[in-house]
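Every number here is computed from the coordinates shown, using simple stated rules; none is lab data. On a predicted model such as this, the values are computed, not experimentally measured, just so you know. Here the Cβ positions follow ideal geometry from the backbone for every residue, glycine too, while neighbour counts run over all protein chains shown.
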């Protein structure tokens, strides 16, 4: 039964891609392409928060390579706030949740006459390809990071597929995406053009300064992550923070969390019973970024907070689980960090507290 279903799925995939090949008529384009022929650019980045943060340098790189270009970005409800204050972006487009509505939206963007569409969404490449073709036209260059085993079928949707497989899990995702853009334009010396900086609005900075006016210096302690296996329990957080407080004087600790874990943050604070530990009311992501920018150091499990810390040049201490894939790709870029990982594919809860404390304290002594 399973084999039959797989055969049917394969047949349907071949059938639809043969239609895409006829309808969209994408012909492979040799690289590099001329910068002079590119003015209007669309970037597809409608996935997670961290993905958008590590894409900010791509936007800045494009602006340096093609100063007069118009850059539009399709974002998601989750990550759109990251680009709210980015003045290099002309149009910030939030993608509808509905698949068909997202295609309708894409077709309405055709009037922008895009010369180049960059798909930076690594999952669900078919959807990204459909959006690229509906938003573009026959003269639009549609580029994607190559999936080597699927190059043939994706050639129906993209006319440039950049092979970066040799760099996967060897450099950060931020560098991988910048390399993608550099390859398209044949730019070899681009590393000095990479700018990893998040723009923080003045009102968010003012908000954060008021919050921490009486507690500087302080360390941000994040308890939330997108997956349970990357999250410490309340008891484990209390144990870790209690040991840290015993060994570090002169610093306050601000516990931050996702809005739905605010009660957990309060439980940890109350369980510690220490005036140096604070929990603020739930904040927006941009307010959190402003808070991190003012902090001395960040403690966090593997999550978007890592990339906010990196983009604000704040030292960050990371907790990783080997259940997560591509460890190297999601490390901070050129910022100070230390990390502790699980020994096997297991939740971070299984990491010994002594190991966390030892590495963290060594990092603090080096940086602070």
The convex hull of the Cα atoms of region 117-184, divided by residue count, gives a volume in Å³ per residue of 81 Å³
Cα convex hull volume per residue for region 10-193, in Å³, equals 117 Å³
Expressed to one decimal in nm², the mean projection of the alpha carbon convex hull of the chain is 20.3 nm²
With the 8 Å Cα cutoff and a minimum separation of six or more residues, region 10-193 has a relative contact order in percent of 27 percent
Per the rule of 0.36 nm per residue minus the C-alpha distance, extending residue 368 to residue 88 adds in nm 97.4 nm
Ranked from fewest to most other Cβ atoms within 10 Å of their own Cβ, 318, 245 fall in the order 245, 318
Expected sort for 152, 307 with the fewest Cβ neighbours (10 Å cutoff) up front is 152, 307
Ranked by GNM mean-square fluctuation in the chain (Cα springs under 10 Å), the top entry among 263, 335, 304 is 263
Using eta = 1.002 mPa s and T = 20 °C, Stokes-Einstein with Kirkwood Rh from Cα pairs puts D for region 160-202, in µm² s⁻¹, at 182 µm²/s
Rounded to the nearest 10 degrees, the helix 285-294 long axis (Cα) sits at an angle to the longest Cα principal axis of the chain of 50 degrees
For the chain, the longest principal axis of the Cα atoms and the Cα long axis of helix 202-211 enclose an angle in degrees, to the nearest 10, of 20 degrees
Once both label points are put 7 Å beyond Cα along the C-beta direction, the residue 29-residue 110 separation in nm becomes 1.8 nm
Contact order relative to length for region 214-292, counting C-alpha pairs under 8 Å separated by 6 or more residues, stands in percent at 35 percent
Treating every alpha carbon of region 174-299 as one equal point scatterer without solvent, the Debye formula yields log10 I(q)/I(0) values at q = 0.09, 0.10, 0.15, 0.20 Å⁻¹ of -0.35, -0.42, -0.77, -1.10
Note on region 64-146: the mean projected area of its alpha-carbon convex hull, in nm², is 5.9 nm²
per DSSP, antiparallel bridges as share of beta bridges in region 202-367, % nearest 5, sits at 0 percent
Quick shape check on region 202-367: root eigenvalues a ≥ b ≥ c of the Cα gyration tensor, a/c under 1.5 is rounded, otherwise prolate if a/b tops b/c, else oblate, and it reads rounded
Which of 346, 239, 249 fluctuates most in a GNM of the chain (C-alpha springs under 10 Å)? That residue is 249
Expected max-MSF residue from 158, 100, 251 in the GNM of the chain (alpha carbon, under 10 Å) is 100
Helix 234-247: inclination vs the chain longest Cα principal axis, degrees, rounded to 10, gives 60 degrees
So, relative contact order of region 202-367 in percent, Cα under 8 Å, 6 or more apart, is 25 percent
Here the Cα Rg-to-2.2 N^0.38 Å ratio for region 48-97 is 1.10
